[in-house]
């Protein structure tokens, strides 16, 4: 009867396409909005993602995210370094400083200062030599800024990307592009600049630091080390995951979670209203044939299986199309500043919502089936 | 031998003041291997009685026996299996599923039974050829004339080797020539296949085909 159910499903092409389109739209909206939401959340804690070497982060207890950072005295570093089983600890500074290009572009740049000795925190370079950071005014610039934001406009109107050796001005100091690296973009189209801490101190006139990053020895009790850091009330020690959560929790206070929830709700409403309604009408259209099956000796369980099978077929096709288009979209915007994060768990989440829509669709129709009286075949002539 | 036996069958519709008796106590015996016509004016209860005999409607009172089986003692699932194996039905509106081919429609009772599809098709072809629509097996029912659709519905009723074939107004939409052709087929099922055929009709043109005529009037058997 499964084949019969399938033929009855595709027999009404307009309804078949309509139901699939409804589920496709719902899945597309849910998966695409989820991917954008996750992309935004992951950007909020991009400092943790970009600097992957440490497993412990130390911040001021008032620090919540990059928009709410309280700096710490540099000598806190010695305290962290002195804790047993801490293999190494280095400072990371984070400041917003004005940046000007020779062509006159003015913007505010995110400046990361890394430890002079170890250079922990420098991303992988696409171009340039990391040792050039030690040259006077040497900086590493993110590729997106080099290619787009800070690109030089030529007399013919074309844009020429910044290249190694090009000069810029940061907070009134001349710097030279010593390397170009791929970094996770922030929320705003701002250049991301890396330089050594001593240079940041010179440019900003302060020697306070925003983060201390540390690596524990192998098999060390990380929690014990964190407890020791946290025994100093002026510091907060966190694992990388804990810092990610702290920053993203702060980010979620913007209300983005509610907006995301509304998007998912809209997706569900679209799924319920378009797919649910068309599927229900399709079942009503076929009701006399289900009554016929009952009259010819079919059981309710058999018809239930047919309905569920039909819901599964349209649900699966709609789900594949919806997630497929979302993934294609993600592929298309790869490398741009648009946010998109599609972990495998999102496939499950979207699948879960698709199943809910299918259950709703099938349940609407099944209610009708259970009330189906084959005697209607004799009366409705 | 008796194919169908009704004892004191009553059926009511509605409730309270609106309660109406469709069947007021039917005592009826339909002989086996005969063509019986159930006739009567509109509203006489023919359709209700046919539905009860098909076991798709349960009487409020009385007993129904089909080939000796007491239907009142069966639950819905048992009735469904019984219907599938013993009763073939030709509905007035035919109910051929347009999404399926003629052949797929015809084998539907066997598909429901869970029989192998290719074997079911092998069984269906001779029946369709016997009914002169062997060349229409892969057509959609919508491509068939009304007479051909009627024959496809008859073929479907024959598929499960049911001993009882119930037809609801089989000639109502056919002209005299096609109506007679249809009745000839049904008559042939009785004489050649030893099946019992029960036809609900008010078409007097086909009365001559009957072995036995039952008159129903105002919910009671006449005479």
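Assorted remarks:
- Test: residue B:138 is in contact with a helix residue (DSSP H, G or I) (Cβ under 9 Å, 6 or more places away or on another chain) and at positive phi: no
- Residue match in region B:146-166 (condition: touching a residue at least 12 places away in the same chain (Cβ under 8 Å), part of a loop (DSSP other than H, G, I, E, B), more than 26 Å from residue B:111 (Cβ to Cβ) and within 13 Å of chain A (Cβ to nearest Cβ)): no
- Answer residue from region A:334-349, given it is exposed (fewer than 15 other Cβ atoms within 10 Å of the Cβ) and assigned to a loop (DSSP other than H, G, I, E, B) and is farthest from the other protein chains (Cβ to nearest Cβ) among those: A:337
- Evaluation of residue A:250 against (1) at pLDDT 90 or above; (2) in contact with a strand residue (DSSP E or B) (Cβ under 6 Å, 6 or more places away or on another chain) (one fails), failing number: (1)
- Matching residues, region A:104-147, being within 25 Å of the chain's Cα centre (by Cα), under 17 Å from residue A:54 (Cβ atoms) and assigned to a strand (DSSP E or B): A:112
- So residue A:195, is it within 29 Å of residue A:107 (Cβ to Cβ) and in contact with a helix residue (DSSP H, G or I) (Cβ under 8 Å, 6 or more places away or on another chain): yes
- Residue match in region A:58-79 (condition: in contact with a strand residue (DSSP E or B) (Cβ under 7 Å, 6 or more places away or on another chain), free of Cβ contacts under 8 Å to residues at least 12 places away in the same chain and closer than 28 Å to residue A:204 by Cα): no
- Restricting B:26, B:30, B:52 to residues that are over 30 Å from residue B:114 (Cβ atoms), touching a strand residue (DSSP E or B) at 6+ places or on another chain (Cβ under 8 Å) and outside any loop (DSSP other than H, G, I, E, B) narrows the list to B:26.
- Among the residues of region B:84-106, those identified as part of a loop (DSSP other than H, G, I, E, B) and facing chain A (nearest Cβ under 8 Å) are B:91, B:92, B:93, B:95, B:97, B:98, B:99, B:100.
- Checking each residue in region A:216-233 for being outside any helix (DSSP H, G or I) and within 32 Å of the chain's Cα centre (by Cα) picks out A:216, A:217, A:218, A:219, A:220, A:221.
- On inspection, residue B:120 fails the criterion of being over 20 Å from residue B:194 (Cα atoms), within 14 Å of another protein chain (Cβ to nearest Cβ) and in a loop (DSSP other than H, G, I, E, B).
- Any chance residue B:109 is buried (at least 23 other Cβ atoms within 10 Å of the Cβ), farther than 25 Å from residue B:219 by Cα and at the interface with another protein chain (Cβ under 9 Å from one of its Cβ atoms): yes
- Any hit, region A:105-117, residues being in contact with a helix residue (DSSP H, G or I) (Cβ under 6 Å, 6 or more places away or on another chain), assigned by TED's automatic domain parsing to the domain that holds residue A:211 and surrounded by fewer than 18 Cβ atoms within 10 Å (Cβ to Cβ): yes
- Residue in region B:64-83 that is on the phi > 0 side of the Ramachandran plot and either part of a strand (DSSP E or B) or more than 11 Å from every other protein chain (Cβ to nearest Cβ) (or both) present: yes
- Number of the condition not met by residue B:174 [criteria: (1) more than 14 Å from chain A (Cβ to nearest Cβ); (2) closer than 19 Å to residue B:212 by Cα]: (2)
- Wholly within region A:245-317, helices (runs of 4 or more DSSP H) carrying at least 2 residues that are within 14 Å of another protein chain (Cβ to nearest Cβ) and under 30 Å from residue B:157 (Cα atoms): A:277-285, A:287-295
- Residue list for region A:296-333, restricted to those being free of Cβ contacts under 8 Å to residues at least 12 places away in the same chain and farther than 19 Å from residue A:345 by Cα: A:296, A:297, A:299, A:301, A:332, A:333
The values are calculated or read from the model by the stated rules, or taken from the named source; none is laboratory data. The shown structure was predicted, so the numbers you read here are calculated from the model rather than taken from an experiment. For neighbour counting, all protein chains shown are included, and Cβ atoms are generated from backbone atoms with ideal geometry for every residue, glycine included.
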